[in-house]
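Here's the structure we're looking at; comments come further down.
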Amino acid sequence: MNTKKVTVAGGGVLGSQIAFQSAFSGFDTTIWLRSEGSIGRAQPKLDRLHKLYLADIESVRAGLGKPNAAAPAGFGLKPDELTDEKLDELAARVESAYKDLKITLSLEESANDCDYYIESMAEIPEDKHVFYRNLNEVLEDKTIVMTNSSTLLPSTFKVDFTKPERYLALHFANNIWRSNSAEVMGHDGTSQAAYDEAVEFAKALHMVPIKVLKEQPGYLLNSMLVPFLNSAQYLLANGIGDHENIDMAWKIGTGAPYGPFQILDIVGLTTAYNIVANHPEANDPTTNAGKIAAMLKKYIDAGKTGVNAGEGFYKYR
């Protein structure tokens with residue numbers, strides 16, 4: 001077990017993944033949640049990750065000795081290191097991560113002796129400001145705080161910290177044990193030491209650090225991905241195509257493994273809704289932002305929030 005402590009605030013789609021990967025990578029990991037109800041929503045996600053990691057290990061085991069055998073990049077094993085013994089070790093680490101992950105409702109407890117504190121909450125600026133101000137009251141001087149926000153800038157929230165130089169963004173892609181990028185982005189007051197430590201922390205999680213040189217809403221990945229997803233949602237919300245044909249057009253035309261609505265199901269429709277809801281035109285139902293927000297809200301209200309719910313634009317049960 002790594003002696004350093006990690007806390008992840010939020011147990012949503014990515015918060016649960018970050019916490020599980022952190023525990024799998026040997027860090028003493030805690031998830032902070034707001035309420036008992038949040039625990040009830042987060043635990044099934046952790047249960048699912050436990051099964052997915054083990055299933056991926058067994059899939060690799062079935063391919064041992066075959067050409068192009070490879071483990072998910074976030075497992076930290078090169079192809080020439082793959083053996084039954086190494087896979088047994090990985091499986092043991094998955095079981096330890098699942099067993100040792102802690103959940104707390106106490107903000108003070110979550111910050112106690114914490115080295116890396118990762119905020120992965122909904123894209124609601126007001127809620128983040130309140131959370132950060134409360135966290136700042138119990139934060140230790142040594143802690144580096146990182147946001148996994150998809151589109152909001154760290155400079156927006158640096159005012160909430162006594163030590164803003166130890167605050168920056170560390171943004172993960174979905175299915176982080178497979179798509180193992182971690183974008184590191186500071187604000188104008190982030191210290192070089194904190195930035196460099198965030199890069200090393202990403203490496204310790206078996207991520208590839210992607211250095212963003214200056215603040216940009218959406219970093220590098222989402223600056224490309226969000227407009228792409230918005231274009232697909234525009235087509236659906238305006239009745240130009242249905243989700244299956246839009247996905248088919250993209251996959252056949254580009255050779256991509258997933259269409260935009262499959263990606264949205266993986267990201268989670270609540271996250272997609274929160275992003276578009278921050279747009280100034282989202283409250284006007286005649287605008288494209290308003291139409292997309294209304295469309296997503298209809299799915300969310302029906303409980304169809306994506307893969308983790310068993311249904312989004314597609315069914316996964």
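The values are calculated or read from the model by the stated rules, or taken from the named source; none is laboratory data. None of these values were measured; they are calculated from a predicted model. Here the Cβ is made from the backbone with ideal geometry for all residues, glycine too, and neighbour counts use every protein chain on show. We work out accessible area using only protein heavy atoms, side chains counted, and drop any ligands, DNA or RNA first. Shrake-Rupley method; radii C 1.70, N 1.55, O 1.52, S 1.80 Å.
What number of residues within segment 140-160 are touching a helix residue (DSSP H, G or I) at 6+ places or on another chain (Cβ under 8 Å) and either among the polar types (S, T, N, Q) or crowded, with 18+ Cβ neighbours inside 10 Å (or both)? So the answer is 14.
Screening Lys304, Lys291 for residues that are open to solvent by 20 Å² or more (accessible area, probe 1.4 Å), of a type in the set (Lys, Arg) and not in a loop (DSSP other than H, G, I, E, B) leaves exactly one candidate, Lys291. Scanning segment 56-74 for residues that are open to solvent by less than 30 Å² (accessible area, probe 1.4 Å), in contact with a Lys or Arg (Cβ under 9 Å, 6 or more places away or on another chain) and in a helix (DSSP H, G or I) gives Asp56, Gly74. Scanning segment 173-202 for residues that are under 24 Å from Gln17 (Cβ atoms) and either among the small types (Gly, Ala, Ser) or not assigned by the TED database to the domain that holds Ala71 (or both) yields Ala173, Ser179, Ser181, Ala182, Gly186, Ala194, Ala198, Ala202.
Residues in segment 8-31 include at least one that is in the same structural domain as Arg178 (by the TED database), within 13 Å of the chain's Cα centre (by Cα), crowded, with 18+ Cβ neighbours inside 10 Å and of a type in the set (Phe, Trp, Tyr). Would you be able to say whether some residue in segment 47-55 is touching a residue at least 24 places away in the same chain (Cβ under 8 Å), assigned to a loop (DSSP other than H, G, I, E, B) and surrounded by 14 or more Cβ atoms within 10 Å (Cβ to Cβ)? No: zero hits. Counting the residues of segment 17-70 that are of a type in the set (A, V, I, L, M) and closer than 20 Å to Asp88 by Cα gives 11.
When segment 164-206 is filtered for residues that are of a type in the set (D, E, K, R), surrounded by fewer than 21 Cβ atoms within 10 Å (Cβ to Cβ) and without any contact (Cβ under 8 Å) to a residue 40 or more places away in the chain, the ones remaining, listed by number, are Glu165, Asp188, Asp196, Glu200, Lys203. Restricting to segment 88-111, and then to whatever is more than 23 Å from Arg41 (Cβ to Cβ) and touching a residue at least 60 places away in the same chain (Cβ under 8 Å), can you tell me which residue is surrounded by the most Cβ atoms within 10 Å (Cβ to Cβ)? Checked segment 88-111; the qualifying residue surrounded by the most Cβ atoms within 10 Å (Cβ to Cβ) is Arg93.
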